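A.B. asks: Below you will find the structure I want to go over with you.
The values are calculated or read from the model by the stated rules, or taken from the named source; none is laboratory data. All values reported here derive from a predicted model rather than from experimental measurement. Positions of Cβ are backbone-derived with ideal geometry, glycine not excepted, and every protein chain shown enters the neighbour counts.
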């Protein structure tokens, strides 16, 4: 993280789903330091808003003065202002930011998502007089946009585009309208209009109720503007961040989901951890003197999945498998996500029974291998391919799941070893499972030493 600072001015959501505390998290994830000034304390959680208390004008100014006498602010997000008096109290500070060339993102807050009022006064007039003249970008949702242009809420994307142009013509600044309330079950389309250019970002609609996405987008744009990128690039990068956060939404309470704001950071960190663990496991397997005894004719592979993985693209494996070279083994590739089909599907199938078992490896089948596993007290379970239903046999994805389901149902838990004796065109195989790639390889090395 560098020395750039983004300031958020808005309400405090004690549950952390939106507001200034959520903004600071977003700033930090994107790479800027977050400063926060509270305009109001809201009484809310993931199930709704029951009210709010607005701070006094003197308290608001004291917070702003304390920040600005000490910190150089690179970008500002203005959210909930709570009342006309606080909006007018903030106005001179925004004018100062504009004069200093500091971008101001205004995310107008009038009502909560369920309709509870979060503003006392006449926001259309006060925003137009005291806030919008000093803003660089406004980020209303379609309902707020309709209110500010004195129109009915847009029913489709064409009407939203028209209102975006009306807003720009009336207030003279760039506008990013979020389209979550428009289009029914169709994709969500957010529209940015700078006056010179219009851009749209489309993402799949999530059926779950997610609280705080508009706040998240405005905060992400603010953070990228603080890093010095222009508004068009900030829009594109912020939308990608929001899409990832919405996809990784979490349920901290009993009501709505909230965006997984840290998913981008921790997702990349987890991918690296999985990759590095697999790489170390391959090195251990190659260095062991006896592992060549385990290589099947089709070659071996090691697969290690991300937490909550749902597809082979979220499973790391060796691109070219592991083969025998005389009395040694060598990986014919490097770790990569999406590199495996069979072992990745086997791991995904096992994770449906026990999400903590995220890694697996295939080795050759033999009675000597099964005896070694038994000698090490590894639980084993097999499945008979002759019992496989015909409609499943030709589908690689379903046949792997069927085999794992059969084996697990026989013992009631995910065993360390799942094997089958093959069939026509199918080499018999032993599969070793564990919590990570290193655990799987340690088991494989132990088996090889008993052969």
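A.B. asks: Kindly indicate which of 214, 228, 179, 184 is assigned by TED's automatic domain parsing to the domain that holds residue 17 and modelled with pLDDT of 95 or more.
C.D. replies: Details: 214 fails: modelled with pLDDT of 95 or more; 179 fails: modelled with pLDDT of 95 or more; 184 fails: modelled with pLDDT of 95 or more.
Just a single option satisfies the conditions, and that option is 228.
A.B. asks: For the structure I just gave you, tell me whether residue 447 is touching a helix residue (DSSP H, G or I) at 6+ places or on another chain (Cβ under 7 Å) and surrounded by fewer than 20 Cβ atoms within 10 Å (Cβ to Cβ).
C.D. replies: Numbers: touching a helix residue (DSSP H, G or I) at 6+ places or on another chain (Cβ under 7 Å): yes; surrounded by fewer than 20 Cβ atoms within 10 Å (Cβ to Cβ): no.
When the stated conditions are applied, residue 447 does not pass them.
A.B. asks: Working carefully through the options 51, 31, find the one that is closer than 19 Å to residue 260 by Cα and at pLDDT below 95. Before you say what the answer is, go through the steps one by one.
C.D. replies: Values: 51 fails: closer than 19 Å to residue 260 by Cα.
After ruling out the rest, the residue left standing is 31.
A.B. asks: Output yes when any residue across the range 110-130 is modelled with pLDDT of 95 or more, assigned by TED's automatic domain parsing to the domain that holds residue 82 and either under 29 Å from the mean Cα position of the chain (by Cα) or under 23 Å from residue 30 (Cα atoms) (or both), and no when none is.
C.D. replies: Within the range 110-130, none of the residues are modelled with pLDDT of 95 or more, assigned by TED's automatic domain parsing to the domain that holds residue 82 and either under 29 Å from the mean Cα position of the chain (by Cα) or under 23 Å from residue 30 (Cα atoms) (or both).
A.B. asks: Where residues in the range 76-96 are in contact (Cβ under 8 Å) with a residue 60 or more places away in the chain and in contact with a helix residue (DSSP H, G or I) (Cβ under 8 Å, 6 or more places away or on another chain), which of them is surrounded by the fewest Cβ atoms within 10 Å (Cβ to Cβ)? Walk me through how you get there before you give the answer.
C.D. replies: Kept after step one, since they are in contact (Cβ under 8 Å) with a residue 60 or more places away in the chain, are these residues of the range 76-96: 76-82, 90.
Narrowing the set further to residues that are in contact with a helix residue (DSSP H, G or I) (Cβ under 8 Å, 6 or more places away or on another chain) leaves 76-81, 90.
Working: 76: 28, 77: 31, 78: 29, 79: 27, 80: 28, 81: 33, 90: 23.
Checking each candidate, the answer is 90.
A.B. asks: Going by what's in this entry, would residue 138 be described as free of Cβ contacts under 8 Å to residues at least 24 places away in the same chain and surrounded by 15 or more Cβ atoms within 10 Å (Cβ to Cβ)?
C.D. replies: Numbers: free of Cβ contacts under 8 Å to residues at least 24 places away in the same chain: no; surrounded by 15 or more Cβ atoms within 10 Å (Cβ to Cβ): yes.
Criteria not met by residue 138.
A.B. asks: Applying the selection to the range 113-135, what residues are touching a helix residue (DSSP H, G or I) at 6+ places or on another chain (Cβ under 8 Å), buried (at least 21 other Cβ atoms within 10 Å of the Cβ) and in a loop (DSSP other than H, G, I, E, B)?
C.D. replies: Correct list: 135 only.
A.B. asks: Restricting the search to the range 93-112, which residues are touching a strand residue (DSSP E or B) at 6+ places or on another chain (Cβ under 8 Å) and part of a loop (DSSP other than H, G, I, E, B)? Break it down stepwise before answering.
C.D. replies: The initial filter retains those residues of the range 93-112 that are touching a strand residue (DSSP E or B) at 6+ places or on another chain (Cβ under 8 Å), namely 94, 97-98, 102-112.
Scanning the range 93-112 gives 102, 103, 107, 108, 109, 110, 112.
A.B. asks: Quick test for you: out of 404, 363, 411, 350, pick the one residue that is closer than 22 Å to residue 305 by Cβ, surrounded by fewer than 18 Cβ atoms within 10 Å (Cβ to Cβ) and in contact with a strand residue (DSSP E or B) (Cβ under 8 Å, 6 or more places away or on another chain). Can you show your working first?
C.D. replies: Values: 404 fails: surrounded by fewer than 18 Cβ atoms within 10 Å (Cβ to Cβ); 363 fails: surrounded by fewer than 18 Cβ atoms within 10 Å (Cβ to Cβ); 350 fails: surrounded by fewer than 18 Cβ atoms within 10 Å (Cβ to Cβ).
Result: 411 is the single residue among 404, 363, 411, 350 that is closer than 22 Å to residue 305 by Cβ, surrounded by fewer than 18 Cβ atoms within 10 Å (Cβ to Cβ) and in contact with a strand residue (DSSP E or B) (Cβ under 8 Å, 6 or more places away or on another chain).
A.B. asks: Moving on to the next point. If we scan the range 160-174, do we find a residue that is outside any helix (DSSP H, G or I), within 29 Å of the chain's Cα centre (by Cα), at pLDDT 95 or above and assigned by TED's automatic domain parsing to the domain that holds residue 205? Write out each step before concluding.
C.D. replies: Start the filter on the range 160-174 by keeping residues that are outside any helix (DSSP H, G or I), which leaves 172-174.
Keeping just the survivors that are within 29 Å of the chain's Cα centre (by Cα) gives 174.
Keeping just the survivors that are at pLDDT 95 or above gives 174.
Subsequent filtering for residues that are assigned by TED's automatic domain parsing to the domain that holds residue 205 retains 174.
Among the residues of the range 160-174, at least one is outside any helix (DSSP H, G or I), within 29 Å of the chain's Cα centre (by Cα), at pLDDT 95 or above and assigned by TED's automatic domain parsing to the domain that holds residue 205, which makes the answer yes.
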